[in-house]
Amino acid sequence: MSAGDSSGPGDSSGAADSPGPVGPPGGADPVGTAGSPAAPVRDPGLQPERTRLAWRRTTLSATVAAVLAVRAALRDGATPAGVVACGVCGLLWLAFLVLAHRRIRALAAGPRPDTLTPRRATAAVLCALAMAVCAAALVS
């Protein structure tokens with residue numbers, strides 16, 4: 001047997017041993033390509049639950065930031081600018097709360113939640129950024 005010969009001892013056919021098709025253990029076909037027209041079943045695991053909890057935590061921290069901003073603005077007496085900033089901060093908080101609640105409901109709706117649309121994602125980010133700006137303006 002030479003160094004370039006890939007056939008093993010006792011291999012009379014001269015062909016190399018091939019392991020066959022490579023796939024997951026047990027022969028399962030996760031992609032649904034084995035000729036079955038059925039779509040694969042998605043097992044999301046705990047991902048929707050983690051995402052729902054992340055939305056809840058974000059909503060809670062936005063609530064705390066809004067309350068602290070209002071407290072800071074009204075601590076030494078209410079100025080017209082402080083009242084306006086509190087109102088804007090409250091409206092932004094309410095808008096973020098509505099967006100988060102809709103997303104939480106979508107995640108709880110079923111095993112395959114709808115994708116977060118770019119419009120809603122942008123709205124959530126803008127609400128959070130605007131609340132941060134309002135809070136910074138109230139604190140300084």
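All of the numbers you see were taken from the coordinates with simple rules; none came from a lab. Just so it is clear, the model here is predicted, and its values are computed rather than measured. Positions of Cβ are backbone-derived with ideal geometry, glycine not excepted, and every protein chain shown enters the neighbour counts.
General remarks:
- For R120 and L68, the FRET efficiency from 1/(1 + (r/R0)^6), where r spans their Cβ atoms and R0 equals 25 Å, is about 0.45.
- Over segment 47-139, all Cα pairs binned in 10 Å intervals from 0 give whole-percent P(r) values of 17, 43, 24, 12, 3, 0, listed from short to long.
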